[in-house]
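Here the structure is laid out as structure tokens; the discussion comes afterwards.
What follows is calculated from the coordinates using simple rules that are stated; it is not laboratory data. Just so it is clear, the structure is predicted and the values come from calculations on it, not from any experiment. Virtual Cβ from ideal backbone geometry, glycine too; neighbours counted across all protein chains shown.
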Amino acid sequence: MYMVGIDQWVCIGFGVVSASVLVWATFRMNAKYGEWGLMKLHALRSHPRYIINRRKFLRLISPTAKKGKV
């Protein structure tokens, strides 16, 4: 902004206001979500709601054959 020709006091004021809003928003989100809350919220959104399983039901409950050592 300063290089465009805007007065330096306007740039300083903009920087102070921007930093204040950033700090305020950080503390507000920390109070709302806790220390790791935003990461947990993001993790919930990135997981699928359900998993589609296309195998037959009996195959899911029957024991699988283990390969023996040769």
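Can you put 6, 61 in order of Cβ neighbours within 10 angstrom, beginning with the fewest? Don't skip to the answer; put the middle values down first.
Numbers: 6 11, 61 7.
Ordered from fewest to most neighbouring Cβ atoms within 10 Å, 6, 61 come out as 61, 6.
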Longest principal axis of the chain (C-alpha) makes with the long axis of helix 37-46 (C-alpha) an angle, in degrees to the nearest 10, of 50 degrees
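With a cap of 13 neighbouring Cβ atoms within 10 Å, and only residues DSSP puts in a loop, list the chymotrypsin sites (Phe, Trp or Tyr not before Pro) found in segment 1-58.
Numbers: sites: 2, 9, 14, 24, 27, 33, 36, 50, 57; in loops: 2, 36, 50.
Of the chymotrypsin sites (Phe, Trp or Tyr not before Pro), the ones in loops of segment 1-58 whose Cβ has at most 13 other Cβ atoms within 10 Å are 2, 36, 50.
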Correct response: the longest run of the chain lacking exposed trypsin sites (Lys or Arg not before Pro), defined by DSSP loop and at most 16 other Cβ within 10 Å, is 1-48
Here segment 20-25 yields Karplus 3J(HN,Hα) values (6.51, -1.76, 1.60; θ = phi - 60°; whole Hz; Gly and Pro given as x) of 5, 5, 5, 5, 4, 5
Farthest towards the positive end of the dipole of the chain, among 62, 50, 2 and with Cβ unit charges of +1 on Lys and Arg and -1 on Asp and Glu, lies the Cα of 62
Residue-normalised 222 nm signal for the chain, counting each DSSP H run of n ≥ 4 as -39,500 (n - 2.57), nearest 500 deg cm²/dmol, is -19000 deg cm²/dmol
